[in-house]
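Presented below is the structure to which this report refers.
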Amino acid sequence: MPSHSTRRQFLGTSSAAFSAMAFPFVSSRATATDASNSETLKIGLVGCGGRGSGAAKQALTADYNTTLYAVAGVMPNMAENTIKMLGDEFARRVDVPKDRQFIGLDAYQKVIDLCDVVLLASPPGFRPLHLKQAVEAGKHIFSEKPMAVDAAGCRMALEAVRKAKEKNLNVVAGYCWRYSPSRREAFKRLHDGQIGEVTSHFATYYTGPVKPMPPAAQRKPEWSDVEWQVRNWYNFSWLSGDSLVEQAIHSVDKIAWAMKDIKPLSCMATGGRQIPAEGGNIFDHFHVAYEYPNQVMAHLGSRQMAGCQNENMDVIRGSKGSLVIGRGSSPVIEGADRWRFRGEDKNMYQVEHDELFAAIRQGKTVNDGEWMMQSTMLGIMGRMAAYSGKRITWDEAVASEEDLAPDSLGWGDSFTPTPMPMPGKKA
């Protein structure tokens, strides 16, 4: 894995980069990389886990003049399984011989160089570097969420997506709810004032354990610290960003969306670990309270525990009514101007790729870059508040020198990650 000095050079960057954001950015300008309808687009997959395999399937479904041309992963068996699974469904459109199956922490660069469209679905700790390289190579991008795990990575990724904007490259984010037809209609009505001025937002992301850390006894003697941690990436903050940033970030993003992507003033949070961490260093529950102008508070509760109530819900209250999402089959507005979504709610994961490839074919640009980076930073800000036990302002968060990744790391290296956070105590 290349040195992380490329990340650290962004540590001195001021919060001006985030402060200068204007939202949303969606352009329909003709691009310098238009693809004619007769050109077969080569798709490259970086990250061969479940989400990566799903993204590749959706990309191949979105445009029938495409081929999966190269893949990158860290486990040979995962790359082979992905290729076989997709090949069974898409036959000749999966053309990935052994010499285009790249394995290792540096494999992403080889895929980027060979393909027209890259799907970034590796553990998010690597995402800023992958985004940077894909933009520099002039590729269209689908990037899974989150786009970074710390402020240093956010600044690096933000710089990359801004360069993508300058190059008229398509960048579509894996914040899938923004591609759900029912949620799009609901939030449009919200922003049009159907419930009046937003006065509060309460969101939940309550679910069971996700990718639990196995006990140390299951580690093979030949596995290095780095290999063991990458195999169990979800359980280490330098790779996943913690459960708030990796999974509940969808609810964080809906908070940002409801607030029209304006920056919060500050946040306070609690969090901790109830079930055994088995050597990992992430929390299994959070509660974050974001403070917005005019004393508007947005609360998010997340939990990953067995035997508890599961719920993924948003209750957004306004001066003239409320919008409820997640309780029932479709979004509902209650108040003087009542509404329920009754249209066709297409698969939001598929819509992401449909719109990405349509933009490429039509010579248009869709760039989710700046708002996807703000949502990512919003999640990191909440985690920082929970880890520290302190009130964190937006300006403090975006200027933070927090950098969870080591300067350089190899597959066979020894590496001890930061200990389990103890709010109120500095590590």
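The values are calculated or read from the model by the stated rules, or taken from the named source; none is laboratory data. Worth saying up front: this structure is predicted, and the values here are computed from it rather than measured. Cβ placement follows ideal geometry from the backbone for every residue including glycine, while neighbour counts extend to all protein chains displayed. Side chains are part of the model used for accessible areas, which takes the heavy atoms of the whole protein and leaves out ligands, DNA and RNA. Shrake-Rupley method; radii C 1.70, N 1.55, O 1.52, S 1.80 Å.
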| message | Calculate the FRET efficiency for E89 and A137 from the Cβ-Cβ distance with a Förster distance of 30 Å, rounded to the nearest 0.05. | response | 0.60
| message | Only four residue types carry charge here, +1 at the Cβ of Lys and Arg and -1 at the Cβ of Asp and Glu. Report the dipole size of the chain about the Cα centre in Debye, rounded to the nearest 20. | response | 560 debye
| said: Give me the Å³ per residue figure for the convex hull around the C-alpha atoms of region 333-427. | reply: 268 Å³
| Within the accessible area of region 123-259, what % is carbon and sulfur when the probe is 1.4 Å and the other protein chains stay in place? | 48 percent
| note | Accessible-area order for D261, D354, D395, largest to smallest, probe 1.4 angstrom, reads D395, D354, D261
| remark: Descending packing, highest mean Cβ count within 10 Å first, for 65-73, 300-308 is 65-73, 300-308
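Which whole-number value in Å² is the accessible area per residue of the chain, probe 1.4 Å?
Per-residue value: 40 Å².
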| field | Accessible carbon and sulfur surface of region 324-367 relative to its total accessible area, %, 1.4 Å | value | 43 percent
| request: Specify which residue in the list Q295, G208, I103 is farthest towards the positive end of the charge dipole of the chain, using unit charges on the beta carbon of Lys, Arg (+1) and Asp, Glu (-1), about the Cα centre. | output: Q295
| query | What does the charge dipole of region 29-132 about its Cα centre add up to, to the nearest 20 debye, if the Cβ of each Lys and Arg holds +1 and the Cβ of each Asp and Glu holds -1? | reply | 220 debye
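Could you tell me what % of all Cα pairs in region 238-315 have separations over 15 Å?
When every Cα pair of region 238-315 is considered, 60 percent fall beyond 15 Å.
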| query | If the cut-off is a Cα-Cα distance under 29 Å, which lysines reach K263, setting aside same-chain residues fewer than 8 apart in sequence? | reply | K132, K145, K163, K165, K167, K188, K254, K320, K364, K390, K425, K426
| field | Kirkwood Rh and Cα Rg combined as Rg/Rh, the chain | value | 0.95
| message | Viscosity 0.890 mPa s, temperature 25 °C: give me the Stokes-Einstein translational D for region 98-243 in µm²/s, with Rh taken as the Kirkwood radius over C-alpha pairs. | response | 136 µm²/s
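Over the chain, what is the relative contact order in whole percent, taking alpha-carbon pairs under 8 Å and six or more residues apart?
24 percent
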| Charge dipole of the chain about the Cα centre (unit charges at C-beta), most positive-ward option of I333, I275, G47 | I333
| query | Based on Cβ point charges of +1 for Lys and Arg and -1 for Asp and Glu, what charge dipole magnitude is obtained for region 314-411 about its Cα centre, in debye rounded to the nearest 20? | reply | 680 debye
